[in-house]
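Working notes, beginning with the structure itself.
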Amino acid sequence: MRNLKRSTSAAVVIAALAGTAALATATPASAASYHCKTSSHTVDDPSYSGPDSDNWDFDVTLCAMRSGGYIYTTATVYWDGPYTAKNRSTYTFNKAKFQLQTKRSVSGTDPVVKSGAYTGLEHAVEHSSGNGNGSYSTGTLKSKAGSGRYLADGYIQLDWSGDGKSYRSPILFTASPVV
């Protein structure tokens, strides 16, 4: 009888676990998700002309999502800086920002619906790992959606220390798919 109780208890526990696992992995069919695009750009440090590598490789993932009558856009910046970046740390940039934009997709130039400047990029890049690598995520822009289609777009602007200039031309990346 004791073996029967154990077998019955084990069967009930296994059935309960299987039911819980099935519920945990199920997602609603209407759940919105981000549509993203990653693109890359290599930037040369104009203030450094020494013998070491000074290129910064940036990858930017731009994402857009439509949910509940709103458009949500966000971006993540990844970089692989020169290994000497750790030696210059906070002396690399005077300023650096990521400009995130929510745009309405139209024929011709897409108008900006909402925009946000994320200046935390400077601190993040200047405090990269020992190998000069890191990442930075912007906040999320939320915009009321009309009947049109929308996308996330954005660019990086860098003001290099020691070059005597302000922000350089924007470093452009490929926009997200439209939602």
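The values are calculated or read from the model by the stated rules, or taken from the named source; none is laboratory data. Note that the structure is a prediction, hence the values are computed from the model and not measured. Here the Cβ is made from the backbone with ideal geometry for all residues, glycine too, and neighbour counts use every protein chain on show. In case anyone asks, the SASA skips ligands and DNA or RNA and just uses the protein heavy atoms, side chains included. Shrake-Rupley method; radii C 1.70, N 1.55, O 1.52, S 1.80 Å.
Given (1) among the small types (Gly, Ala, Ser); (2) in a strand (DSSP E or B); (3) open to solvent by less than 50 Å² (accessible area, probe 1.4 Å); (4) within 29 Å of Pro82 (Cβ to Cβ), where does Ala175 come up short, assuming only one miss?
(2)
Can you tell me which residue among Ser143, Ser161 is over 30 Å from Tyr91 (Cβ atoms) and surrounded by 14 or more Cβ atoms within 10 Å (Cβ to Cβ)? Working first, answer last.
On the way: Ser161 fails: over 30 Å from Tyr91 (Cβ atoms).
Step by step, each of Ser143, Ser161 is checked, and only Ser143 is over 30 Å from Tyr91 (Cβ atoms) and surrounded by 14 or more Cβ atoms within 10 Å (Cβ to Cβ).
List the number of the failed condition for Arg104; all other conditions in (1) modelled with pLDDT of 90 or more; (2) in contact with a Pro (Cβ under 7 Å, 6 or more places away or on another chain); (3) more than 14 Å from Arg149 (Cα to Cα) hold.
Against the list (1) modelled with pLDDT of 90 or more; (2) in contact with a Pro (Cβ under 7 Å, 6 or more places away or on another chain); (3) more than 14 Å from Arg149 (Cα to Cα), Arg104 comes up short only on (3).
Could you list, in sequence order, all residues of the range 155-168 that are among the aromatic types (Phe, Trp, Tyr) and free of Cβ contacts under 8 Å to residues at least 60 places away in the same chain? Walk me through how you get there before you give the answer.
From the range 155-168, those among the aromatic types (Phe, Trp, Tyr) are 155, 160, 167; that's our starting set.
Once the filter is applied, which keeps residues that are among the aromatic types (Phe, Trp, Tyr) and free of Cβ contacts under 8 Å to residues at least 60 places away in the same chain, the range 155-168 yields only Tyr155.
Please verify whether Val125 is touching a residue at least 12 places away in the same chain (Cβ under 8 Å), aliphatic (A, V, I, L, M) and open to solvent by 50 Å² or more (accessible area, probe 1.4 Å), treating the condition exactly as stated. Reasoning before the result, please.
Working: touching a residue at least 12 places away in the same chain (Cβ under 8 Å): yes; aliphatic (A, V, I, L, M): yes; open to solvent by 50 Å² or more (accessible area, probe 1.4 Å): no.
When the stated conditions are applied, Val125 does not pass them.
For Val106, which of the numbered conditions (1) in contact (Cβ under 8 Å) with a residue 12 or more places away in the chain; (2) under 22 Å from Asp59 (Cα atoms); (3) of a type outside the set (Phe, Trp, Tyr) fails to hold?
(2)
On the basis of being open to solvent by 50 Å² or more (accessible area, probe 1.4 Å) and under 13 Å from Phe93 (Cα atoms), does Ser166 make the cut? Break it down stepwise before answering.
Working: open to solvent by 50 Å² or more (accessible area, probe 1.4 Å): yes; under 13 Å from Phe93 (Cα atoms): yes.
Yes.
I need a count of the residues in the range 109-150 that are closer than 18 Å to Leu62 by Cα and touching a helix residue (DSSP H, G or I) at 6+ places or on another chain (Cβ under 7 Å).
The number of residues fulfilling the criteria is 2.
Kindly indicate whether any position in the range 144-154 is in contact (Cβ under 8 Å) with a residue 40 or more places away in the chain, more than 15 Å from the chain's Cα centre (by Cα), at positive phi and in a loop (DSSP other than H, G, I, E, B).
First, pick out the residues of the range 144-154 that are in contact (Cβ under 8 Å) with a residue 40 or more places away in the chain: 144-146, 148-154.
The next check asks that each one be more than 15 Å from the chain's Cα centre (by Cα); those that pass are 144-146, 148-150.
Those left that are additionally at positive phi: none.
Checked against the condition, which is being in contact (Cβ under 8 Å) with a residue 40 or more places away in the chain, more than 15 Å from the chain's Cα centre (by Cα), at positive phi and in a loop (DSSP other than H, G, I, E, B), the range 144-154 yields no hits at all.
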